[in-house]
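Peer 1: Here it is, the structure, as structure tokens.
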């Protein structure tokens, strides 16, 4: 694909270089070779942009001029993502139901759906148009799934759950397994609390590999429109995740957690049950949220506190032995 064509499709101005340059693929700024397109969004790679072997670089609008052909973008990372789509079209799957699939007579399947090998659609299941269910996907009875659903192998949607349009489940996702609810008896044993309430997933959600979203005992567990959930994430029963929130790898939400719109929970964050994280808040890696977090806050640590305060804590940690020795010496003098 010619560089001029890429610039036109991405609606980006081209500086330097020949519009006729042939671009054969994309790569990182340090790995790119002639004929490839790369990008720079992080300032620490500015030097690499000046020495890259790539034929063209997507940079920010205010990025300094470099000899290599440049495409200037308001958001280089987003533009690079869109450029990738030009070169890597998703695999297509022909409509039809594989001979080994098990489809209950009461299940309904929308037009142009692909139902792969050993898929199981139970009683009263509804699958929307243009769905793709790959091998060994199981949809339990009463589940309702919208249009353009894509379920990779071994993902599961449990009974009576509701899934909107344009939802993507990666391998091994489980939607609607029982919430972790047990009451202790007088004898000290654990009595299981029924978990009949469904999971509701709104439109444009992606749940990545081996993540679990549990059903609730009452009410529902709800994932808002546009939420993206990374691998190995646990969303506890009765939780609500607001629109466009981002839950990174190994995040864990205990039951009845409320996550606001556009919240970002980074890797290995844990949130105690019944806590609320306000809209637009960011929780940094491995932090533990044990109380409500206000909207727009950036918090760190366990228990999580204001990020700037946590930085002060962190700066003091290496000095604690020295401070302790000073305190002991002072105590002996007194």
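Nothing in this text is a laboratory measurement; each read-out follows from the coordinates by a stated rule. As the structure is a prediction and not an experimental result, all values here were calculated from the model. All Cβ positions, even for glycine, are placed from backbone atoms using ideal geometry, and neighbour counts span all protein chains on display.
Peer 1: Return a whole-number percent for the relative contact order of the stretch 3-87, with Cα pairs under 8 Å and 6 or more residues apart as the contact set.
Peer 2: Values: 159 pairs, mean separation 24.8, N = 85.
About 29 percent, as a whole number.
Peer 1: GNM, the chain, Cα, under 10 Å: largest mean-square fluctuation among 238, 255, 35?
Peer 2: 35
Peer 1: What does the convex hull of the Cα atoms come to per residue for the chain, in Å³?
Peer 2: Details: hull volume 67.5 nm³, N = 334.
Convex hull volume per residue, Cα atoms: 202 Å³.
Peer 1: What is the antiparallel percent of DSSP beta bridges lying wholly in the stretch 141-265, to the nearest 5? Show your work: numbers first, answer last.
Peer 2: Details: 4 of 34 bridges.
The antiparallel fraction comes to roughly 10 percent.
Peer 1: Normalising by the residue count of the stretch 186-334, find the relative contact order in percent from Cα pairs under 8 Å and 6+ residues apart.
Peer 2: After rounding, I find 12 percent.
Peer 1: For 292, 244, which order do you get if you count the other beta carbons within 10 Å of each Cβ and list the fewest first? Write down the numbers at each step before the final one.
Peer 2: On the way: 292 13, 244 17.
Ranking 292, 244 by Cβ neighbours within 10 Å, fewest first, gives 292, 244.
Peer 1: As a test, work out the antiparallel percent of DSSP beta bridges whose residues both lie in the chain, rounded to the nearest 5.
Peer 2: Numbers: 9 of 76 bridges.
Of the beta bridges lying entirely in the chain, close to 10 percent run antiparallel.
Peer 1: A follow-up question, please. How much mean residue ellipticity at 222 nm does the chain get from its helices, if each DSSP H run of length 4 or more adds -39500 (n - 2.57) and you divide by all residues, to the nearest 500 deg cm²/dmol? Don't skip to the end; give the middle numbers.
Peer 2: Values: 5 runs with 50 residues, N = 334.
For the chain, the value works out to -4500 deg cm²/dmol.
Peer 1: May I pose another question? Does the stretch 3-87 classify as rounded, prolate or oblate by the C-alpha gyration tensor (a ≥ b ≥ c root eigenvalues; a/c under 1.5 gives rounded; else a/b over b/c gives prolate, otherwise oblate)?
Peer 2: On the way: a/c = 1.29, a/b = 1.17, b/c = 1.10.
Judged from the Cα gyration tensor, the stretch 3-87 comes out rounded (a/c under 1.5).
Peer 1: Build a GNM of the chain with springs between Cα atoms under 10 Å: which of 162, 222, 72 gets the top mean-square fluctuation?
Peer 2: 72
Peer 1: What is the Cα centroid distance between the stretch 242-319 and the stretch 144-161, reported in whole angstrom?
Peer 2: Cα centroid to Cα centroid, the span is 29 Å.
Peer 1: With contacts defined as alpha carbon pairs under 8 Å and 6 or more residues apart, what's the relative contact order of the chain in percent?
Peer 2: 6
Peer 1: Could you tell me the center-to-center distance, by alpha carbons, between the stretch 178-204 and the stretch 9-48 in angstrom?
Peer 2: 51
Peer 1: Top mean-square fluctuation among 118, 77, 140, Gaussian network model of the chain, C-alpha springs under 10 Å?
Peer 2: Highest fluctuation of the listed residues: 77.
Peer 1: Just to be sure I understand: of the beta bridges DSSP finds with both ends in the stretch 3-87, what percent are antiparallel, rounded to 5?
Peer 2: Numbers: 2 of 12 bridges.
Approximately 15 percent, going by the DSSP bridge assignments.
Peer 1: Right, here's the next one. So if the hydrodynamic radius of the stretch 273-334 is defined as the Kirkwood radius over C-alpha pairs, what does Stokes-Einstein give as its diffusion coefficient at 20 °C and 1.002 mPa s, in µm² per second?
Peer 2: Numbers: Rh = 13.5 Å.
Answer, rounded: 159 µm²/s.
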